[in-house]
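Engineer: Take a look at this one; I'll ask things after.
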Amino acid sequence: MPVVDIDTDDLRHLASTENSDDVLKRDLFALGLEYEGETEDGELQFEFAPDRLDRLSVEGVARSLRYQYGHDRGVYVPSTNDSQWVIEVDESVPEERPYVTGAVVRGLDMSEESLQSLIQLQEKLHATMGRKRAKGAIGVHDLTMLKGSRAESGASGSEQTKTIMYRGLAPDEDRFVPLDGDSDYTPEEVLSEHPTGEQYADLVTEYERYPAIYDDIGLFSFPPVINGRRTEVTENSRDLFIEMTGTDQWTIDKMCTIVCYALDARGGQVERVTVEYPDTELDRPDLSVTEKTVEHERIESILGVDLTTENVVDYLERAGLDANPTTDERRYEVAVPPYRVDVLHSIDLIDDIGRAYGFNELEPRYPDVSTIGGCHDRTLLEDAVRDVLVGVGFEDTLNFYLGSERECFDRMNIDLTSQASDENPVGVAPPATIEEPYSEEYTIVRTWALPSLLMVLENNTHRSYPQTLAEIGLAAHIDEQEETKVAERRTVAAVLARTDASYEDAKATLQTIARAFDADLSTPPTSHPSFIDGRTADVVFDGQSAGVIGEIHPSVLVEHDLEVPVAAFEFDLETIE
């Protein structure tokens, strides 16, 4: 987990407190920062959960303490001046690293402590959000050493902006003097001859063109490897230019926001920067406030204490959030500041309320009802359905919940774009995708289980028939109505593969399940791209649409190298509860 080094005198100054080191350790522990030891220079080291990346600097830790002590309340967003600088993104930028963001901060009174804190924040963000600079890299420059090309803007042409260029260049196209260097290098030479270049060479060596940032004087930054010596930041620097490049716009925008908040705490004035892509324009830094909701009943249930509406609003404001209760006071609309990258769900808000209340103030108590361990009701239902299926001759299987769009859709004769509608057939829904899959075979969470069973049949064509397989497992799809934006369900799927497999055979199994759970089964005709028209029906239990049953389409059989007919069905487990 991340460890931050804290100069306690600097922390006391920023947090407006005279508390001793021992009291600070206690108060920081209550906030989730655990004392780990001291550095050789006498700074205290604190370890904390990697979600609160705004605490990677003394400024962020001090901000949390100011809220905890009641010095500050609610959401704070720094004021910003109008943009005077433009980052123009050239089409030659390498496609592997296409994104850039930035900001200007003026009027800083840099000291040794503030400079070291900025360097630490930069390094820690590189190691965490930046994934060792692979996903995002930060460059901080002395603004007075930059010369931007001037251009008029505005309807009257009265405003002037200065432009720098983010572009790509050939490995040996230009030369510059890097940090800690005393002669000029080409980017290619930096990677092989400079210590920092050697350390980060793997990030760009495969690029045909290297990322580079230019002003009117020339090359001054070679991201994500090293900055130029010309724009080096020192204790004499007062105005800073911050640029960040990466593979994901959201990541570098959040990194930039955290840096801007830290410099704002040092008395700097944040100034916006315009980022001009070939097809769009961004106003940065992104200091927009997001909103989340949390229910009063859930707060009390999770924390185990009775709270008034005023209590909840007070605790949220002491956590640096703003809260507005709804008219019935049953839930709260909570404003979240831009530096809080950790607030994803309502449970994160409840954690903040608990820390403001004080976890040490919670009184341990026994549950109202004594219970013993046992299976969840859903597990009991799964086992019961599984027993029925095994009892009529099916072999129970367990398959991977991850798959690919090819297996889930293409090989099942499903065109997701043309067949998606308000009432999608079973399995036809936008999948939850894996952002950075380690294999092309596992790029999504499957939307239904039948493709998994057909893959098992495909891998067992060398075995004798009949083959009757079943699975009870997870399926999921994108649903904007869900808090997580993903709807999950437990699904029951089965296939019958033999020379005379038919719709009637599959329905006989469904009827057995319906009788076992005292459910009324009906099967009105329907259509589904994976099944044969005229031999396909909806599965309806007790009047509720539950799934699909039918004979697998010949094109799907051919795609899976199956030479015998296959009858199959799939339905939602919860419909027979």
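The values are calculated or read from the model by the stated rules, or taken from the named source; none is laboratory data. The structure displayed is predicted, hence computed values, not measured ones. Note: ideal-geometry Cβ built from the backbone for every residue, glycine included; neighbour counts use all protein chains shown. The area values use the complete protein model at the heavy-atom level, side chains included, leaving out ligands, DNA and RNA. Shrake-Rupley method; radii C 1.70, N 1.55, O 1.52, S 1.80 Å.
Engineer: Can you give me the angle between helix 58-69 and the longest principal axis of the chain, using Cα atoms only, in degrees from 0 to 90, rounded to the nearest 10?
Structural biologist: The answer is roughly 70 degrees.
Engineer: Quick one: putting +1 on the C-beta of Lys and Arg, -1 on the C-beta of Asp and Glu, what dipole do you get for region 490-577 around its Cα centre, in Debye to the nearest 20?
Structural biologist: 100
Engineer: Given an 8 Å cut-off on Cα distances and at least 6 residues of separation, report the relative contact order of the chain as a percent. All intermediate terms of the calculation are to be shown ahead of the outcome.
Structural biologist: Values: 1144 pairs, mean separation 69.8, N = 577.
Worked out over the chain, it gives 12 percent.
Engineer: Looking at region 201-282, which trypsin sites (Lys or Arg not before Pro) are in a loop (DSSP not H, G, I, E or B) and have at most 16 other Cβ atoms within 10 Å? Intermediate results must be reported in sequence, preceding the final value.
Structural biologist: Numbers: sites: Arg209, Arg229, Arg230, Arg238, Lys254, Arg266, Arg272; in loops: Arg209, Arg238, Arg266.
Sparse-neighbourhood loop trypsin sites (Lys or Arg not before Pro): Arg238.
Engineer: While we're on this one: Keeping all protein chains in the complex and leaving out DNA, RNA and ligands, what accessible area do you get for Cys408 with a 1.4 Å probe, in Å² to the nearest 10?
Structural biologist: Near enough 10 Å² of accessible area.
Engineer: Using alpha-carbon positions, what is the distance between the centroids of region 269-348 and region 88-126, in Å?
Structural biologist: When both Cα centres are located, 26 Å separates them.
Engineer: Find which of Gly358, Tyr332, Ile347 sits farthest along the positive direction of the dipole of region 301-382, computed with +1 on the beta-carbon of Lys and Arg, -1 on that of Asp and Glu, about the Cα centre.
Structural biologist: Positive-most Cα among the choices belongs to Ile347.
Engineer: Something else: Mind checking the angle between helix 112-127 and the chain's longest principal axis? C-alpha axes, 0 to 90 degrees, to the nearest 10.
Structural biologist: That helix lies at roughly 20 degrees to the long axis.
Engineer: Another question, then. If you filter region 381-482 for trypsin sites (Lys or Arg not before Pro), then keep DSSP loop positions with at most 16 other Cβ within 10 Å, what is left? Please list the in-between numbers first.
Structural biologist: Numbers: sites: Arg386, Arg406, Arg411, Arg446, Arg463; in loops: Arg446, Arg463.
Those satisfying the criteria are Arg463.
Engineer: So, one more: At a probe size of 1.4 Å, how large is the accessible area of Ser522, to the nearest 10 Å²?
Structural biologist: Solvent-accessible area, nearest 10 Å²: 50 Å².
Engineer: Could you tell me the ratio Rg/Rh of region 454-572? Both radii from Cα atoms, Rh via Kirkwood.
Structural biologist: Values: Rg = 15.1 Å, Rh = 15.2 Å.
Here Rg/Rh amounts to 0.99.
Engineer: Turning to a different aspect of this structure: Given a cut-off of under 8 Å on Cα pairs at least six residues apart, what relative contact order in percent is computed for region 217-312? If you can, show how the numbers build up before the last one.
Structural biologist: Details: 48 pairs, mean separation 13.6, N = 96.
Rounded, it is 14 percent for region 217-312.
Engineer: Could you tell me the relative contact order of region 247-287? Use alpha-carbon pairs under 8 Å, at least six residues apart, and round to a whole percent. Can you show the working numbers first?
Structural biologist: On the way: 26 pairs, mean separation 16.3, N = 41.
Relative contact order here is 40 percent.
Engineer: Select from region 291-331 those GluC sites (Glu not before Pro) which occupy a DSSP coil region and have at most 13 other Cβ atoms within 10 Å, ordered by residue number. Walk me through the intermediate numbers first.
Structural biologist: Values: sites: Glu291, Glu295, Glu297, Glu300, Glu310, Glu317, Glu329; in loops: Glu329.
Sparse-neighbourhood loop GluC sites (Glu not before Pro): Glu329.
Engineer: At 222 nm, what value in deg cm²/dmol follows for the chain if DSSP H runs of at least 4 each add -39500 (n - 2.57) and the sum is divided by all its residues, to the nearest 500?
Structural biologist: Here the helix-only value at 222 nm equals -8000 deg cm²/dmol.
Engineer: Okay, next question. Quote the charge dipole size of the chain about the Cα centre in Debye, to the nearest 20; the model charges only the Cβ of Lys and Arg (+1) and of Asp and Glu (-1). Write down the numbers at each step before the final one.
Structural biologist: Details: 49 positive and 118 negative charges, 74 e Å.
The calculation lands at about 360 debye.
Engineer: While we're on this one: Between the helical axis of 249-265 and the dominant principal axis of the chain, each derived from Cα atoms, what acute angle in degrees is found, rounded to the nearest 10?
Structural biologist: Rounded to the nearest ten degrees, it is 40.
Engineer: Oh, and also: Once Kirkwood radius over Cα pairs in Å is worked out from the coordinates, which option in [x] 25.8; [y] 28.2; [z] 25.1 does it equal?
Structural biologist: After the calculation, the listed value that fits is [y].
Engineer: By average Cβ neighbour count within 10 Å, what is the ranking of 11-22, 47-58, 549-560 from highest down?
Structural biologist: Numbers: 11-22: 15.6, 47-58: 21.5, 549-560: 19.8.
Output ranking for 11-22, 47-58, 549-560: 47-58, 549-560, 11-22.
Engineer: While we're on this one: Could you give the length gained on full extension between Thr433 and Met1, defined as 0.36 nm per residue of separation minus the Cα-Cα distance, in nm? Present the calculation step by step, with values, prior to reporting the outcome.
Structural biologist: On the way: separation 432, 0.36 × 432 = 155.52 nm, distance 2.70 nm.
152.8 nm is the gain from fully extending Thr433 to Met1.
Engineer: Considering the dipole of region 362-469 built from charges on the beta carbon (Lys and Arg +1, Asp and Glu -1) around the Cα centre, which of Val445, Leu381, Ile414 is farthest to its positive end?
Structural biologist: Of Val445, Leu381, Ile414, it is Leu381.
Engineer: Taking the Cα-to-Cβ direction at Asp505 and at Ser16 and moving 7 Å from each Cα, how far apart do the two end points lie in nm?
Structural biologist: 7.8
Engineer: Also: Among Pro195, Ala519, Ala15, whose Cα lies farthest out toward the positive end of the dipole of the chain, if unit charges sit on the beta carbon of Lys, Arg (+1) and Asp, Glu (-1)?
Structural biologist: Value computed over the given set: Ala519.
Engineer: Along the Cα→Cβ direction, 7 angstrom out, place labels at Ser527 and Leu179. What is the inter-label distance in nm?
Structural biologist: About 6.3 nm, to one decimal.
Engineer: Distance in nm between label sites at Ser79 and Thr326, each 7 Å beyond Cα in the beta-carbon direction?
Structural biologist: 3.7
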